[in-house]
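Undergrad: For reference, the structure I am asking about is given below.
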Ligand SMILES: C[S@@+](CC[C@H](N)C(=O)[O-])C[C@H]1O[C@@H](n2cnc3c(N)ncnc32)[C@H](O)[C@@H]1O
């Protein structure tokens with residue numbers, strides 16, 4: 001008779017989780033606009049079923065004290081792909097235990113770290129790691145990205161960023177998995193304009209690899225200098241509203257040679273995408 005292999009318990013630790021426990025603060029709907037961004041930016045990634053993508057997971061790494069954002073994303077992404085498998089990963093055991101009652105046959109919660117707790121045969125199409133690396137040192141960022149790359153299929157994405165507490169303002173790295181690791185594809189800024197609009201607002205929620213580098217001579221420092229100049233020069237557009245001003249400042253950045261997505265579907269909704 002064939003012997004069934006027991007499934008590992010979600011709190012079992014197959015390998016030591018890489019990373020450290022950090023504050024677990026989260027909020028309902030905080031990452032709604034991150035999900036909406038992914039749904040518009042690369043919808044095919046969520047639905048593709050070729051080869052190993054057939055069963056590939058969306059991983060929410062570092063979901064925090066409650067699994068609300070993981071469950072909300074599962075709902076949003078499954079409108080596009082009802083079969084999508086979702087894995088919430090936390091490095092803090094009590095947060096995994098608190099999430100387990102919400103697990104089902106397509107939704108899993110496991111203890112783990114940047115070295116993802118994947119089971120044999122599992123693959124990843126998309127990782128979201130939001131408000132996780134902000135609590136690390138800048139030197140930890142590249143090793144964390146490298147570790148997360150391991151289970152991701154070529155063509156897959158990592159969206160790694162920081163938001164304010166409500167999600168009204170965020171900025172994120174968009175990394176594309178290629179054969180040799182990640183390609184930094186874009187840096188994305190989002191605002192819903194509830195806090196007004198000023199490029200300076202984004203400086204406080206930059207991802208960890210940029211936040212200490214808004215300096216003259218650094219690419220991100222030059223970018224902000226150009227954005228502020230474009231913002232000042234287009235200030236008369238303010239009469240038409242903050243969204244119009246935001247779009248005009250993006251066009252000013254493009255005139256200065258930055259590769260910015262100028263389509264209305266992005267700018268009118270408050271997304272500025274700088275293609276790297
Ligand atoms: C501030 S919460 C973010 C919650 C949610 N992602 C959000 O944006 O609202 C950060 C969480 O990441 C977890 N964390 C930190 N490093 C981690 C790692 N290497 N692997 C998994 N989880 C991690 C922490 O334990 C914490 O619960």
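Undergrad: Return the total of residues in region 247-265 being within 20 Å of residue 173 (Cα to Cα) and in contact (Cβ under 8 Å) with a residue 12 or more places away in the chain.
TA: 8
Undergrad: Considering each of 185, 179 in turn, give the residue that is modelled with pLDDT under 95 and within 30 Å of residue 153 (Cα to Cα). Step through it out loud before you land on a result.
TA: Details: 185 fails: modelled with pLDDT under 95.
One residue alone meets the criteria, 179.
Undergrad: So for region 218-228 (the condition being more than 13 Å from the ligand (Cβ to nearest atom) and in the same structural domain as residue 65 (by TED's automatic domain parsing)), does at least one residue qualify?
TA: Within region 218-228, not a single residue is more than 13 Å from the ligand (Cβ to nearest atom) and in the same structural domain as residue 65 (by TED's automatic domain parsing).
Undergrad: Can you name every residue in region 187-230 that is at positive phi and without any contact (Cβ under 8 Å) to a residue 40 or more places away in the chain?
TA: The initial filter retains those residues of region 187-230 that are at positive phi, namely 193, 196, 217.
Hit for region 187-230 is 217, nothing else.
Undergrad: Next question, about the same structure. Report the residue count in region 61-83 for those that are away from the ligand (no atom under 11 Å from the Cβ) and either outside any helix (DSSP H, G or I) or more than 20 Å from residue 156 (Cβ to Cβ) (or both). Let's see the steps before the verdict.
TA: We begin by selecting, within region 61-83, every residue away from the ligand (no atom under 11 Å from the Cβ); these are 71, 74-83.
Pick out the ones that are also either outside any helix (DSSP H, G or I) or more than 20 Å from residue 156 (Cβ to Cβ) (or both) and you get 71, 75, 79-83.
Within region 61-83, residues that are away from the ligand (no atom under 11 Å from the Cβ) and either outside any helix (DSSP H, G or I) or more than 20 Å from residue 156 (Cβ to Cβ) (or both) number 7.
Undergrad: Look at residue 160 and say whether it is surrounded by 13 or more Cβ atoms within 10 Å (Cβ to Cβ), free of Cβ contacts under 8 Å to residues at least 60 places away in the same chain and over 22 Å from residue 43 (Cα atoms).
TA: no
Undergrad: Please go through region 180-217 and pick out each residue that is over 19 Å from residue 241 (Cα atoms) and part of a loop (DSSP other than H, G, I, E, B).
TA: If the condition is that a residue be over 19 Å from residue 241 (Cα atoms) and part of a loop (DSSP other than H, G, I, E, B), then 180, 206, 207, 212, 213, 214, 215, 216, 217 are the ones that fit.
Undergrad: Can you say whether residue 181 is in the same structural domain as residue 135 (by TED's automatic domain parsing) and closer than 27 Å to residue 138 by Cβ, as far as the supplied structure shows?
TA: Spelling it out, residue 181 is indeed in the same structural domain as residue 135 (by TED's automatic domain parsing) and closer than 27 Å to residue 138 by Cβ.
Undergrad: Looking at region 232-240, can you tell me whether even one residue there is closer than 24 Å to residue 64 by Cα, buried (at least 16 other Cβ atoms within 10 Å of the Cβ) and modelled with pLDDT of 95 or more?
TA: no
Undergrad: Can you tell me which residues in region 12-51 are within 15 Å of the ligand (Cβ to nearest atom), touching a strand residue (DSSP E or B) at 6+ places or on another chain (Cβ under 7 Å) and in a loop (DSSP other than H, G, I, E, B)?
TA: Answer for region 12-51, where residues must be within 15 Å of the ligand (Cβ to nearest atom), touching a strand residue (DSSP E or B) at 6+ places or on another chain (Cβ under 7 Å) and in a loop (DSSP other than H, G, I, E, B): 13, 17, 30, 31.
One line per residue, one yes/no per condition, for (1) more than 13 Å from the ligand (Cβ to nearest atom); (2) crowded, with 22+ Cβ neighbours inside 10 Å:
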| residue | (1), (2) |
| --- | --- |
| 85 | yes, no |
| 112 | no, yes |
| 126 | yes, yes |
| 149 | yes, no |
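Undergrad: Suppose the filter is near the ligand (Cβ under 9 Å from one of its atoms) and either outside any strand (DSSP E or B) or in the same structural domain as residue 60 (by TED's automatic domain parsing) (or both); does residue 119 pass it?
TA: The answer is no for residue 119.
Undergrad: Among the residues of region 52-60, are any within 9 Å of the ligand (Cβ to nearest atom), surrounded by 17 or more Cβ atoms within 10 Å (Cβ to Cβ) and either closer than 21 Å to residue 149 by Cβ or over 16 Å from the mean Cα position of the chain (by Cα) (or both)?
TA: Step one: filter region 52-60 for residues within 9 Å of the ligand (Cβ to nearest atom), giving 60.
Filter once more, so that each one left must be surrounded by 17 or more Cβ atoms within 10 Å (Cβ to Cβ): 60.
Filter once more, so that each one left must be either closer than 21 Å to residue 149 by Cβ or over 16 Å from the mean Cα position of the chain (by Cα) (or both): 60.
Scanning region 52-60, I find at least one residue that is within 9 Å of the ligand (Cβ to nearest atom), surrounded by 17 or more Cβ atoms within 10 Å (Cβ to Cβ) and either closer than 21 Å to residue 149 by Cβ or over 16 Å from the mean Cα position of the chain (by Cα) (or both), so the answer is yes.
The values are calculated or read from the model by the stated rules, or taken from the named source; none is laboratory data. Because the structure is predicted, anything quoted here is derived from the model rather than measured. Neighbour counts run over all protein chains shown; Cβ positions are idealised from the backbone, glycine included.
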